[in-house]
Amino acid sequence: MASNVRLLQERLQYQFSDKELLSLALSHRSCGSRNNERLEFLGDSILGVTVTDFLYHQFPQAREGDLSRMRSHIVRAESLAQVAKNLELGPELSLGPGEMKSGGQRRDSILGDTVEALIGAVYLDSGIDKARRCIGIWFAELLDAASETSKGKAKIGSTLKGIGPTYMDKTGRNGLRVGDIFLPDFQERYAKLVQKHKRLLGNFTAFAFDLSEYEPTWFEAIDRLRQIQVVDSEQWINDQLDAGQRVLAEGAQGTLLDIDFGTYPFVTSSTTTAAGACTGLGVAPTRIGEVIGIFKAYCTRVGSGPFPTELHDETGEALRAAGHEFGATTGRPRRCGWLDLPALKHACMLNGATQLCMMKADVLDAFDEVQVCTHYEVDGKTSEHLPYLLEEALVKPVFEPRQGWPGAGQSGEGTALPDSLHAYVKEIESLTKTRVSIVSMGPDRAQTHEVKPSVV
């Protein structure tokens, strides 16, 4: 039996009436004749038909091949094992001495089989509706991921953290604001939105959603918020500006992920340009003093979408390894390529950048020669501007070689930047018409170089 049945059931979000079924589902065949193999057989069938039903109704336009790929992604052994790890099932398993000694509680095949056994156990304990509900909870992230996978090259590259649906609620006027928690009719507002979202969730016909299970934790968070000082942020920030204080706003994501001006539809749901500080904070454009653009000495992108300078070879792999280019939220490897000057120029224009800071110049110090995209060929014509569509078939980047700065990233504090790197910086300044004020040659403060205007 699990070491702490109560905590395990909380993680499962299901309370067993028959605790023996739970114990059996956690018992590997190495324990003897009393094991979870029959439950695994039952759960495998329930999981397969439930996921199939969900995909069939959720994606009415999808072809059979797409549906099969999505289903395979969800029910594969690696996915089942990940569900088990999310539920922290490993320490709860009953294993024979041999399996325990060999680390069976960490083995993907055993973990995945246990998930299927638990589905079978829930079915026997409470019936098909509860089993389907548990699948919907345990596999929620995988179902979202399968949706992305089904899109192939058209997938957005979502982090699968619910950012898009949240913005949909915002623009659809279906959300609650922080200030609403202090209103006398807050409970009524909440109840109306619950009913509205239940109708929306009703479109997901494969699963039943019981939002009441999450309400105690949610209201506990609301009570905690009420104990924190809440201010009218737009008024507070403007008051600070009136008092002569300096306000620093940090943007998120890259310019070309902007919902309006990015590589649509491969974009995020928000405004990622400097203008987002105005709409997000309630600050007038006239109150912005400096706009500091941050860029890498090369280009990266997470997820799908056009990337003219992307490198699909060993050089791209070398950039990824040297720059540790993996998504901070998803862990996905970033796509890497040479610096795209037209794209950088476009970003400076949209943001009104007053100065630039170049990061990770040290990542390129392994190259005797680097390449720079100076312009594009679009429909056989030369263009130094970002076209309406950056489709690979329509846009050809034109590269020019530049002398590298090998070994410069290993230089110590106080070491001057090499002439070749200064030349690289000067070219960027010339095209973007924006001064590069900082060049970073590593993560330490001592490796951050201030570039004086007289030098470049």
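In table form, for the structure just shown:
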| read-out | value |
| --- | --- |
| Every residue from the range 41-57 that is touching a residue at least 24 places away in the same chain (Cβ under 8 Å) and within 15 Å of R132 (Cα to Cα) | L42, G43, D44, I46, L47, G48, T50, V51, D53, F54, L55, H57 |
| Whichever residue in the range 1-21 is assigned to a helix (DSSP H, G or I) and over 34 Å from the mean Cα position of the chain (by Cα) and, among such residues, is surrounded by the most Cβ atoms within 10 Å (Cβ to Cβ) | L21 |
| Filtered residues of the range 304-326 (kept if buried (at least 19 other Cβ atoms within 10 Å of the Cβ) and assigned to a loop (DSSP other than H, G, I, E, B)) | S304, G305, F307, P308, T309, L311, E325 |
| Counted residues, the range 400-439 - those being surrounded by 15 or more Cβ atoms within 10 Å (Cβ to Cβ) and at pLDDT 85 or above | 23 |
| Residue satisfying all of: in the range 88-110; buried (at least 17 other Cβ atoms within 10 Å of the Cβ) and of a type in the set (D, E); nearest to L12 (Cα to Cα) among these | E92 |
| Residues that are outside any helix (DSSP H, G or I) and closer than 26 Å to L7 by Cα, drawn from the range 43-98 | L87, E88, L89, L93, S94, L95, G96 |
| Selection count, the range 22-42, where residues are at pLDDT below 95, of a type in the set (K, R) and in a helix (DSSP H, G or I) | 1 |
| Hits in the range 426-451 (condition: assigned to a loop (DSSP other than H, G, I, E, B), over 23 Å from K345 (Cβ atoms) and of a type in the set (D, E, K, R)) | D444 |
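The values are calculated or read from the model by the stated rules, or taken from the named source; none is laboratory data. Here the structure is a predicted model, which means the values were calculated and not measured. No Cβ is skipped: glycine too gets one built from the backbone with ideal geometry, and neighbour counts run over all protein chains shown.
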